[in-house]
Structures are given as C-alpha cells and as structure tokens.
Amino acid sequence: MSSIERAARVVKTLKDEEWKTLAALERVSMGQGAADAGRLARASRQPVDRVEFALERLELGGLVKRSGANFGPTVMAVEALGIREYVKHELVSALGAIIAKGKESDVYEAFDDYGATYALKFFKLGRTSFTRVRKKRFIDRSGVKSWMALNYEAARREYSTLRRLEGLSPSFPKALSSNRSTVLLEELSGVKLSNRPALETPMEVLGTILEAARVAYLSAGVVNGDLSEYNILTDGVKAWLIDWPQAVTTRHPNADDLLRHDVGSVVRFFARAYRTAVSGGKAVAFVTGGSESFA
Ligand SMILES: Nc1ncnc2c1ncn2[C@@H]1O[C@H](COP(=O)(O)OP(=O)(O)OP(=O)(O)O)[C@@H](O)[C@H]1O
Ligand SMILES: [Mg+2]
C-alpha cells in the first residue's frame, strides 16, 4: 500500500488531539523551528502530557519521526493533512485507484458523496532525498522544510494558474481546490498524447492545442513552460493541456523562449506522429497573436 493510501486510511482514525499536534508540527517545521513536545504543546494549546501521548501514537502510525527530543512530519503526515482538508469540506469522501505515478507527482481518483469523480494530484518533489534523510533516522529540519515548502508551493502555483485559466478554453482542466501538496482536479477521460492514440482529425486536435496555448498567452498572460506530448491528454477529438506548476507569466524574462519551446515540441510531435505539416514559426506567431492562423 502506498503512503497516500495509508494516509487516506489514517484520516478516518486520528483523534482530535493528534490532528492538533500534527497541525502544530507542520507549522513549526515550516518555520524551521525545533519541534519538541513542549513547543508543540504551546503551539497547539494542549497540555504537554496529551501532546506526548499524541506524538507516541503518531510515531507508531508512521506520521511523525523522532530525532532526539525533536519531531518531524513524514510524507504520509503531509498527505493525511491534505486529504483531511477535502474530507472536512465534503469535497472528497473516498480515495480510489491510482491514475498515474509520475516523477513529480502521483495522481489518484477521488470521489465525493454525490457520485462525482475527481483527479487528486499529490506533488512529491524531492521525495527521494527526503526518504534518504529519513532512513538515516535523522531529521534535518531544513530538509523537511524544503521538501514541504517545495511541494506546497508547486501545488499552490498549479492551482492559481489553473484558476487564472478557468473558463478561457475547454482545454484546461478545472481545479476545484488545493491544499498542502495537493490539487483537486476535474477528472479527464483522455490518454496521453505521447501514446499516439488515433485522432479523428490530427490537424484539428493540433489546432485545439495551439488555440488553448494562444488563449493562455493572450488572455491570461501565461506560458505553460513544460508543454509536450507528455502533458497533453486527448480522447481522440478533444485535447487538454495539463501540468501547470512551472508556468510563468508573459512578463517572465524566459517567457518567449519557453513558449517557443512549448509550441515547437507540440508541432514537431504532431509532424512525427501524425504527419502534419505546420511550421513552428507560424505556430508561434499564431499563439502570440502575431497572426490569425497557423496553417
Ligand atoms: N485531471 C486529470 N484527469 C485525469 N488524469 C490526470 C489528470 N491530471 C493528471 N492526470 C494523469 O496523471 C499524469 C501525471 O500528471 P501531470 O503531468 O500533471 O503530473 P507530473 O508531475 O508531470 O507527472 P509526470 O512526472 O508523470 O510528468 C498524467 O499524465 C495523467 O495520466
Ligand atoms: Mg507531466
């Protein structure tokens, strides 16, 4: 069972004082403070004996790691805090199967009580080095901080970009919510374009993708920065541009280079996989508003 699946189970079993202790541990660790029981008692406004008891149970459950008198949250703790927030707000009531396991994130199906299905993305940047640190049974507080901060920031950035893009094109996934290292997304039914699925009209799908990149650029002032056949899903007719944590605004000094790279990747992939003949230069001019068509 993955740590995310274990986190989803644990969410149903933790007691109020354990949540309070965990939330305090998260705050203190984020601020790079040393998190001993006394500090956590003050931060969570609980008696120290309660906190000590909670920490013991959390440690047994794999949610905290001890290093001398200090404690640090595990990856699973961060995932549990994230899931709990959705459960509390009735956005999610159960976690389903894993949809995709990537280098930078794991994406799971998630359900609410009303029959809707979502894609719940958990960022896991730097997790391997974090695990290495953990294995030594030594918790480097700055290491924990950087792992947490990195993933919280990635989730925040992806969510804010998707909110900025919302409603501008049907080719952007809707983001419903975000917290900690997670983003709750509309579930898309497509497959990755890199699998080279049969497309009804390749040229039209390419047009849909360039249109979406154009509206992101012209109306939202956003460049994806990592667009390629690996970050596009399609059902053969429609296409969706996913994976936005690294997006930059058009004012970013590298925005134009990134845009040329994004558009070039897509155009070259379509040429290789679907034999379309579109010039990269014309496609870039179309996306940046210099021309009204790319054909
Ligand atoms: N909204 C969604 N609906 C359905 N599946 C999704 C959704 N978002 C992402 N996925 C699936 O999860 C995979 C990874 O998503 P994404 O590209 O956003 O993350 P990543 O961190 O770049 O992962 P990777 O390291 O695999 O590139 C996608 O290729 C896709 O299969
Ligand atoms: Mg990706």
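Observations on the structure shown:
- Scoring T249 on the criteria (1) surrounded by fewer than 22 Cβ atoms within 10 Å (Cβ to Cβ); (2) in contact with a helix residue (DSSP H, G or I) (Cβ under 6 Å, 6 or more places away or on another chain) leaves a single failure, condition (2).
- Which listed residue is closer than 21 Å to L14 by Cβ, more than 15 Å from ligand 1 (Cβ to nearest atom) and free of Cβ contacts under 8 Å to residues at least 12 places away in the same chain, from E56, E52: E56
- Selected residue [away from ligand 2 (no atom under 16 Å from the Cβ), basic (K, R) and touching a Leu at 6+ places or on another chain (Cβ under 8 Å)] from R180, R272: R180
Quick grid of which residues meet (1) at pLDDT 95 or above; (2) crowded, with 19+ Cβ neighbours inside 10 Å; (3) over 17 Å from F122 (Cβ atoms):
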site	(1), (2), (3)
T13	yes, no, yes
S29	no, yes, yes
Q32	no, no, yes
L40	yes, yes, yes
E52	yes, no, yes
L55	yes, yes, yes
L58	yes, yes, yes
L91	yes, no, no
A94	yes, no, no
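- If you go through segment 232-246 and pick out every residue that is assigned to a loop (DSSP other than H, G, I, E, B) and either surrounded by 23 or more Cβ atoms within 10 Å (Cβ to Cβ) or within 16 Å of the chain's Cα centre (by Cα) (or both), you end up with 5.
- Filter pass, S105 being within 14 Å of ligand 1 (Cβ to nearest atom), of a type in the set (G, A, S) and modelled with pLDDT of 95 or more: yes
- Residue in segment 263-294 that is surrounded by the most Cβ atoms within 10 Å (Cβ to Cβ), counting only those that are assigned to a loop (DSSP other than H, G, I, E, B) and in contact (Cβ under 8 Å) with a residue 40 or more places away in the chain: F294
- Residue match in segment 184-199 (condition: buried (at least 21 other Cβ atoms within 10 Å of the Cβ), within 16 Å of ligand 2 (Cβ to nearest atom) and not in a loop (DSSP other than H, G, I, E, B)): yes
- Segment 96-125 - residue that is surrounded by 18 or more Cβ atoms within 10 Å (Cβ to Cβ) and away from ligand 2 (no atom under 16 Å from the Cβ) and, of those, farthest from G190 (Cα to Cα): A110
- Residue in segment 84-94 that is among the aromatic types (F, W, Y) and more than 23 Å from the chain's Cα centre (by Cα) present: no
- Cross-chain or 6+ apart pairs with Cβ under 6 Å, segment 178-193 first and more than 11 Å from ligand 1 (Cβ to nearest atom), then among the acidic types (D, E) and assigned to a helix (DSSP H, G or I): N179/E85
- Test: residue in segment 201-216 that is among the aliphatic types (A, V, I, L, M) and over 24 Å from S279 (Cβ atoms): no
- Evaluating Y159 against the criteria (1) crowded, with 23+ Cβ neighbours inside 10 Å; (2) under 12 Å from the mean Cα position of the chain (by Cα) leaves one unmet condition, (1).
- Boolean, N224 is over 13 Å from A255 (Cα atoms), free of Cβ contacts under 8 Å to residues at least 60 places away in the same chain and within 16 Å of ligand 2 (Cβ to nearest atom): no
- Counted residues, segment 201-231 - those being within 16 Å of the chain's Cα centre (by Cα) and away from ligand 1 (no atom under 16 Å from the Cβ): 0
The values are calculated or read from the model by the stated rules, or taken from the named source; none is laboratory data. Please read all numbers here as calculations on a predicted model, not as lab measurements. FYI the Cβ positions are ideal-geometry reconstructions off the backbone, even for glycines, and counts take in every protein chain you see.
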